[in-house]
1. Scan segment 252-268 residue by residue and report those that are under 26 Å from the mean Cα position of the chain (by Cα) and under 14 Å from Y278 (Cβ atoms).
2. Of the conditions (1) over 30 Å from G108 (Cα atoms); (2) in contact with a helix residue (DSSP H, G or I) (Cβ under 9 Å, 6 or more places away or on another chain), P155 fails just one. Which one is it?
3. Among V134, V91, which is the only one that is crowded, with 22+ Cβ neighbours inside 10 Å and in contact (Cβ under 8 Å) with a residue 40 or more places away in the chain?
4. Filter segment 27-52 for residues that are among the hydroxyl-bearing types (S, T, Y) and not in a loop (DSSP other than H, G, I, E, B); which is farthest from Y316 (Cα to Cα)?
5. Check A178, A208 and return the single one that is part of a helix (DSSP H, G or I) and in contact with a His (Cβ under 6 Å, 6 or more places away or on another chain).
6. Taking segment 106-131 as the search range and keeping residues that are closer than 29 Å to L293 by Cβ and among the hydrophobic types (A, V, I, L, M, F, W, C), which one is surrounded by the most Cβ atoms within 10 Å (Cβ to Cβ)?
7. Hey, can you tell me all the residues within segment 212-251 that are within 22 Å of M306 (Cα to Cα), more than 18 Å from the chain's Cα centre (by Cα) and aliphatic (A, V, I, L, M)?
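The values are calculated or read from the model by the stated rules, or taken from the named source; none is laboratory data. Owing to the predicted nature of the structure, the values given are computational and were not obtained by experimental measurement. Reconstructed Cβ throughout: ideal geometry from the backbone, glycine too, with neighbour counts over all protein chains shown.
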Amino acid sequence: MTGSLLNVLRTEKPILSAPMAGAAGPELVAAVCNAGGYGVIPLWGRSKEQVSSGIDGLRELTDRNFAVNLNLSFAYQEQLEMCIDKAVHGVSLFWGMDPSAIKQAKAGGLIVLVSVGNAQETRTAADAGADVIVAQGWEAGGHVWGQVSTMALIPAVVDAVGIPVVAAGGIADGRGMAAAMMLGASGVWIGTRFLASSEATIHEVYRARILQASETDTQWAHDLYDVGWPDAPHRALFNTTSKAWVDAGCSAPGKRPMENEQIGQRPSGDPIVRYQSYTPLPQTVGDVEAMSLWSGQGVSLVREIMPAADIVDEVYQDAKRHLQMGVSVLR
C-alpha cells in the first residue's frame, strides 16, 4: 500500500509532518514538502482570511502538495470552505468523527486524511470517503485522541480497511518507521522529532527539554493542560506544573495548585496562565518550563537539532536499511 499512499499524496517519501499547532509553521511544513515528504499545516482556530493567507504563504515556499489540518471540535466550516476555494491538495481532519465533513471535503475535490484512535472509527471514515487514515497511537505527543498503543493499533486499523494507513505515535527514527511498515502501515506521521528541527517555531527552553528528555519523561493526562481546550487528553513533558498537580493528587480543574496564576505572556502580550493549552513560541516570555511542553514517548530518540529536510532523509534512508536488514535476517 506504500505505492498507493504515494500516488494519493503525489509525493516521493511516505513521511508526513504532524500538524503541531504553534510549532509547525510554513517554514517547517515547506521544508518537509521540498524534501519529498508531505507537510501538514495547522490552520484551525483561525479566521477564513487567516486560513487563506496561511495557504498563500506556504505556497510561496513550496510548489509541492500539502494538507491543511482542521480540528473538528472547534468551528471548522468556514476554514474547510476556504480550503476548497483555495484548491489545496488535502485536508487533515482530527479530534472527532464527522462523516459530513469528509463528504464535503471530497465533494470539493480535496484528498481527505482522517485521524482515528480505533478500528471502528477507521471504518466510519472509510465509508464516508476518506482517502488516508492516520492511526494515532497513545504514545503520541500533544493531544491524543485514543488510548491504544501504536503497536496494537496499526495492524487493527490496517485489517479494517483497504485504504492507506499512516502510523502516528512514538515514531522518531528509521527503526520506528520500519516497524510501522512491517505492521502494515503505508507511511508515518512524525511530530516530536520535528520539534528539534531548525524550522520549528518553539522556545529555546522547550527545545532544550526535548533534547534532554528520556522515554519516561512524558505524562498522559485527561485534564491537566485544559485551559482553552477542555476535555482533550494530551501528552507532555513532566515539569513543575505537572509535578505540583500530581503531588496534589491529580485534582480536578478548579481545585488544582496555583490555578489561574499567570506564568507568562504570548508574543502578542496576552497572558498565559498555568494549565493553559499553549505551545511556547520563541518570543514567549515567563516561566516557559511550567507551560505545556508537548512531547511523545519517542522523545528519547531526539538528540540533535537538524534541518527538517535532513530529518526526512535520515528517517527515510534508515527505514529502508532496516527493512532490507529484516528481510535478510529472515532468509
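1. Residues satisfying the conditions are I263, G264, Q265, R266, P267, S268.
2. With respect to (1) over 30 Å from G108 (Cα atoms); (2) in contact with a helix residue (DSSP H, G or I) (Cβ under 9 Å, 6 or more places away or on another chain), P155 is out only on (2).
3. Testing whether each residue is crowded, with 22+ Cβ neighbours inside 10 Å and in contact (Cβ under 8 Å) with a residue 40 or more places away in the chain leaves just V134.
4. Out of the qualifying residues, it is S52.
5. After applying the criteria, what remains is A178.
6. V114
7. Residue satisfying the conditions is A213 alone.
Condition check ((1) in the same structural domain as G137 (by TED's automatic domain parsing); (2) not β-branched (V, I, T)) across all residues:
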| site | (1), (2) |
| --- | --- |
| R193 | yes, yes |
| V205 | no, no |
| L224 | no, yes |
| V227 | no, no |
| D231 | no, yes |
| F238 | no, yes |
| G249 | no, yes |
| R256 | no, yes |
| E259 | no, yes |
